[in-house]
1. I'd like the full set of residues that are over 10 Å from residue 121 (Cβ atoms) and buried (at least 18 other Cβ atoms within 10 Å of the Cβ), limited to the range 15-34.
2. Regarding the range 39-52, can at least one residue be identified that is closer than 25 Å to residue 175 by Cα, touching a residue at least 60 places away in the same chain (Cβ under 8 Å) and crowded, with 17+ Cβ neighbours inside 10 Å?
3. Looking only at strands (runs of 3 or more DSSP E) that fall completely inside the range 1-104, which ones have 1 or more residues that are more than 20 Å from the chain's Cα centre (by Cα) and under 24 Å from residue 184 (Cβ atoms)?
4. Could you list, in sequence order, the residues of the range 129-140 that are within 24 Å of residue 225 (Cβ to Cβ) and either touching a helix residue (DSSP H, G or I) at 6+ places or on another chain (Cβ under 6 Å) or surrounded by 22 or more Cβ atoms within 10 Å (Cβ to Cβ) (or both)?
5. Have a look at 109, 102 and point out the one that is under 24 Å from residue 35 (Cβ atoms), modelled with pLDDT of 95 or more and in contact with a strand residue (DSSP E or B) (Cβ under 7 Å, 6 or more places away or on another chain).
6. Looking at residue 126, is it within 25 Å of residue 158 (Cβ to Cβ) and either surrounded by fewer than 16 Cβ atoms within 10 Å (Cβ to Cβ) or in contact (Cβ under 8 Å) with a residue 24 or more places away in the chain (or both)?
7. Please give the number of the condition residue 188 fails out of (1) in contact with a strand residue (DSSP E or B) (Cβ under 6 Å, 6 or more places away or on another chain); (2) modelled with pLDDT under 95; (3) outside any loop (DSSP other than H, G, I, E, B).
């Protein structure tokens, strides 16, 4: 394989579709959000993307079969609106690969009639918080006006967005394909269902879609409980170590 290729499996039935993209990244926020969406609306896979710029590894499935890492495209019609969803196993491991893959994706979805894009991802803070994750938005001015009233923060400080989430919106702008990147606050090193729920909620409100988020909410509660257990164990161990040190300091040999 010398270049990125997209294999079409079936022809989707689309009318003025919107693209929603979420790939692995900080906290797996984008991937979790779109995978939940795919499951809830029972979206159908219609294409697969393969690239030599993906990590040099194979994916082992539950039945013992091996396949190449890939990205996948799904489609569905919800409340009269056509959706194209982009997700997958990995992002490019090289800068050149990011550009090649995103350009291929833009070529592909442009032919499908996509004229509006939402990319979802995580904004790493390095801290775990039980507060509602803040969602930061960047991108097309008109779409920013749409998401502004939904409690979204418009990023004004500037800085880079590494990966496909930002690059898709940036390169899409050159094609006059408006897009917005929505980033949920996350620790960065933990799988974050709460941040995924936060960014997905914004997209659903903008598009006027009513989709259950209960599964994400339940997974978020489970993650919080796990983190709390770990934190209690850390505190308990620290107290034990402190007590042991105090006991040893009184020992006279």
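The values are calculated or read from the model by the stated rules, or taken from the named source; none is laboratory data. All of these numbers come straight from a predicted model, not from anything done at the bench. Cβ: placed from backbone, ideal geometry, glycine included. Neighbour counts: every protein chain shown.
1. Filtering the range 15-34 for residues over 10 Å from residue 121 (Cβ atoms) gives 15-20, 32, 34.
Within the range 15-34, 17, 18, 19, 20, 32, 34 qualify.
2. Yes: the range 39-52 contains one or more residues that are closer than 25 Å to residue 175 by Cα, touching a residue at least 60 places away in the same chain (Cβ under 8 Å) and crowded, with 17+ Cβ neighbours inside 10 Å.
3. On the way: elements: 5-8, 18-21, 44-50, 71-78, 81-88.
Passing ranges, in order: 71-78, 81-88.
4. Quick first cut of the range 129-140, residues within 24 Å of residue 225 (Cβ to Cβ) only: 129-135.
Answer for the range 129-140, where residues must be within 24 Å of residue 225 (Cβ to Cβ) and either touching a helix residue (DSSP H, G or I) at 6+ places or on another chain (Cβ under 6 Å) or surrounded by 22 or more Cβ atoms within 10 Å (Cβ to Cβ) (or both): 133, 135.
5. On the way: 102 fails: in contact with a strand residue (DSSP E or B) (Cβ under 7 Å, 6 or more places away or on another chain).
Unique residue meeting the criteria: 109.
6. On the way: within 25 Å of residue 158 (Cβ to Cβ): yes; either surrounded by fewer than 16 Cβ atoms within 10 Å (Cβ to Cβ) or in contact (Cβ under 8 Å) with a residue 24 or more places away in the chain (or both): yes.
Criteria met by residue 126.
7. (3)
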